[in-house]
Amino acid sequence: MPVPTEITLHQKSKILEIAFEDSSRYHFPFEFLRVFSPSAEVRGHGRGQEVLQVGKLKVNLLDVSPVGSYAIKLTFDDGHDSGLFTWEYLVELGENLDAKWNDYLKQLEEAGESRVPQH
C-alpha cells in the first residue's frame with residue numbers, strides 16, 4: 001500500500017501536493033479533486049451512474065483530514081465533504097491525471113457545459 005510522506009495544501013495556486021514514500025509526487029488541482037471525488041454523489045452507486053460535475057472551476061479546498069492510516073477526507077467550499085480519498089485512489093488519480101482531465105473536458109463539451117463556475 002502506498003504511504004504518503006508529505007501532504008501540502010497550496011491555497012494560492014489551488015493545488016494539493018502529495019508525496020509518497022516511493023518518491024512519487026502528485027500535484028492535484030482542487031477542481032480536479034472535486035470533479036473526481038470518490039463519493040457516491042459523484043460516482044453514483046455503480047458503473048454508468050456517474051454524475052458529471054459542472055461549475056467547479058473556482059472551488060476551494062477548505063480542509064484535509066486524515067482518516068485512519070489509509071485515506072484523507074477533503075472538505076470543499078461548495079459544501080462537498082463526502083468520499084474518502086484512499087492512498088491507492090490518489091496514486092491512481094496522480095498516475096492518470098492528464099488522461100482523466102482530458103476525458104472530463106471532453107464530457108463537458110459533449111454535454112454542452114463550460115468550466116464557468118456556478119454560484
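Where a number appears in this text, it was derived from the coordinates with a stated rule and is not lab data. Being a predicted model, the structure only gives us computed values, none of them experimental. Neighbour counts are summed over all protein chains in view; Cβ atoms, including those assigned to glycine, are modelled from backbone coordinates with ideal geometry.
Criterion first (closer than 21 Å to residue 104 by Cα, loosely packed, with under 15 Cβ neighbours inside 10 Å and not β-branched (Val, Ile, Thr)) does residue 49 satisfy it?
It is true that residue 49 is closer than 21 Å to residue 104 by Cα, loosely packed, with under 15 Cβ neighbours inside 10 Å and not β-branched (Val, Ile, Thr).
Among the listed residues 62, 16, identify the single one that is touching a residue at least 40 places away in the same chain (Cβ under 8 Å) and assigned to a strand (DSSP E or B). Talk me through it step by step, then tell me what you get.
Values: 62 fails: touching a residue at least 40 places away in the same chain (Cβ under 8 Å).
Exactly one of 62, 16 is touching a residue at least 40 places away in the same chain (Cβ under 8 Å) and assigned to a strand (DSSP E or B), namely 16.
Could you tell me which residue of the range 96-119 is surrounded by the most Cβ atoms within 10 Å (Cβ to Cβ), considering only residues that are of a type outside the set (A, V, I, L, M) and under 16 Å from residue 38 (Cα atoms)?
Taking the range 96-119 and keeping what is of a type outside the set (A, V, I, L, M), we get 96, 98, 100-104, 106-107, 109-110, 112-115, 117-119.
Then drop every residue that is not under 16 Å from residue 38 (Cα atoms), which leaves 96, 100-101, 104.
Numbers: 96: 12, 100: 16, 101: 16, 104: 18.
In this case the residue turns out to be 104.
Tell me, please, whether a residue that is closer than 19 Å to residue 107 by Cα, part of a helix (DSSP H, G or I) and not aliphatic (A, V, I, L, M) can be found in the range 35-42.
yes
Every residue in the range 96-119 that is in contact (Cβ under 8 Å) with a residue 12 or more places away in the chain and among the charged types (D, E, K, R), please.
Correct list: 100, 113, 115.
How many residues does the range 1-36 contain that are buried (at least 17 other Cβ atoms within 10 Å of the Cβ) and closer than 16 Å to residue 98 by Cα?
12
Quick grid of which residues meet (1) of a type outside the set (Asp, Glu); (2) in a loop (DSSP other than H, G, I, E, B); (3) within 17 Å of residue 115 (Cα to Cα):
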position	(1), (2), (3)
8	yes, no, no
12	yes, yes, no
53	yes, yes, yes
73	yes, no, no
